[in-house]
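To keep things clear, I will list the structure first and then write my remarks on it.
The values are calculated or read from the model by the stated rules, or taken from the named source; none is laboratory data. These numbers were taken from a predicted model, which means no experiment stands behind them. Note that each Cβ is placed from the backbone with ideal geometry, even for glycine, and that neighbours are counted across all protein chains shown.
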């Protein structure tokens with residue numbers, strides 16, 4: 001299996017770069033496409049340092065069909081892991097057209113080129129936002145799907161496209177049926193234990209942990225907590241935070257499951273990648289302070305549009321079918337976040 005070549009779209013990003021480490025360490029050859037709109041080439045150089053292995057990189061946009069086809073012509077691609085996309089909930093409410101163009105249109109172009117070159121194994125980076133505002137928690141994969149913001153809607157639209165694509169195979173239109181793993185992430189945090197790669201958002205962070213870390217390092221003055229009037233134990237939003245290395249390993253497990261499928265069992269299936277535990281924003285702030293010894297100044301502000309009160313996973317399907325479970329705890333998440341941020345106070349700059 002390890003002589004296979006994997007195309008990683010958005011591979012220079014936060015989750016993409018950590019997944020590249022796991023792929024290289026597992027013996028895969030990887031080709032990365034990234035337009036670097038929200039990532040840095042330095043991340044991939046550090047991936048090579050960590051693994052002492054090389055990868056192939058193309059700076060290109062997945063909406064550029066010719067550029068994409070050129071990569072498929074130059075490399076025998078066995079499967080694609082598709083991360084490339086815009087991912088900020090708040091920004092998506094302000095710039096919905098950019099999100100639909102980048103995420104949905106970009107994925108359509110990618111799928112068309114994959115079909116052209118008969119590459120039909122795909123791991124797709126989806127999100128727990130496709131569950132909308134869940135009626136109960138923990139969330140199972142068979143829950144009703146909806147979305148409360150344009151970012152979530154783009155993920156939901158792409159999932160529907162992938163399910164339609166998989167069903168179309170029953171009409172005998174392809175030489176080899178599509179085989180698709182949809183991975184619904186909960187809240188990735190942390191960094192590689194080396195401190196060499198981590199989350200380096202452009203501008204003000206949209207996610208909690210890089211915000212906390214930038215307050216701790218003095219880059220930001222205080223943390224804004226969106227809402228303290230949710231129906232939760234302390235009024236702040238509850239989320240399922242998963243260590244990014246555990247998440248990256250989930251992609252490896254999904255890929256292995258795709259490759260081990262017989263042609264008659266190829267399908268499109270969704271899996272939750274989460275810990276199954278919910279932590280509030282204040283839980284996270286307090287855990288960071290406990291692990292690092294650093295006090296985090298914060299203030300409460302209005303809720304963000306599109307945010308839900310509680311969201312955490314039932315990850316049992318991933319355990320049963322992908323043999324995947326998390327092994328890093330809350331302290332690991334805090335320690336590795338701070339190790340990355342304190343060693344890289346300005347990110348990759």
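Out of 337, 292, 326, 275, which single residue is surrounded by fewer than 20 Cβ atoms within 10 Å (Cβ to Cβ) and either closer than 20 Å to residue 191 by Cα or not assigned by TED's automatic domain parsing to the domain that holds residue 132 (or both)?
Among 337, 292, 326, 275, only 292 is surrounded by fewer than 20 Cβ atoms within 10 Å (Cβ to Cβ) and either closer than 20 Å to residue 191 by Cα or not assigned by TED's automatic domain parsing to the domain that holds residue 132 (or both).
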Which numbered condition residue 261 misses (of (1) assigned to a loop (DSSP other than H, G, I, E, B); (2) under 23 Å from the mean Cα position of the chain (by Cα); (3) under 28 Å from residue 78 (Cα atoms)): (2)
Just one of the numbered conditions (1) out of contact with any strand residue (DSSP E or B) (no Cβ under 6 Å at 6 or more places or on another chain); (2) outside the structural domain of residue 15 (by TED's automatic domain parsing) is not true of residue 259; which one? (2)
Does region 236-253 contain at least one residue that is assigned by TED's automatic domain parsing to the domain that holds residue 16 and at positive phi? no
All but one of (1) closer than 21 Å to residue 191 by Cα; (2) surrounded by fewer than 23 Cβ atoms within 10 Å (Cβ to Cβ) hold for residue 247; state the number of the condition that does not hold. (2)
Using the structure shown, decide if residue 173 is at pLDDT 95 or above and not in a helix (DSSP H, G or I). no
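Quick grid of which residues meet (1) at pLDDT 95 or above; (2) farther than 26 Å from residue 135 by Cβ:
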| position | (1), (2) |
| --- | --- |
| 242 | yes, no |
| 274 | yes, no |
| 277 | yes, no |
| 293 | yes, yes |
| 304 | no, no |
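Considering only region 95-110, how many residues are surrounded by fewer than 21 Cβ atoms within 10 Å (Cβ to Cβ) and closer than 22 Å to residue 69 by Cβ? Full working, then the answer.
Taking region 95-110 first, the residues surrounded by fewer than 21 Cβ atoms within 10 Å (Cβ to Cβ) are 95-98, 100-101, 104-105, 108-109.
Going one step further and asking which of them are closer than 22 Å to residue 69 by Cβ, we end up with 101, 104-105, 108-109.
Qualifying residue count, region 95-110: 5.
Under the condition of being touching a strand residue (DSSP E or B) at 6+ places or on another chain (Cβ under 7 Å) and within 18 Å of residue 183 (Cβ to Cβ), which residue from region 135-157 is surrounded by the most Cβ atoms within 10 Å (Cβ to Cβ)?
To start, the set of residues in region 135-157 that are touching a strand residue (DSSP E or B) at 6+ places or on another chain (Cβ under 7 Å) comprises 137-139, 141, 143, 145, 152, 155.
The next check asks that each one be within 18 Å of residue 183 (Cβ to Cβ); those that pass are 138-139, 141, 143, 145, 152, 155.
Working: 138: 19, 139: 24, 141: 18, 143: 17, 145: 16, 152: 23, 155: 28.
Checking each candidate, the answer is 155.
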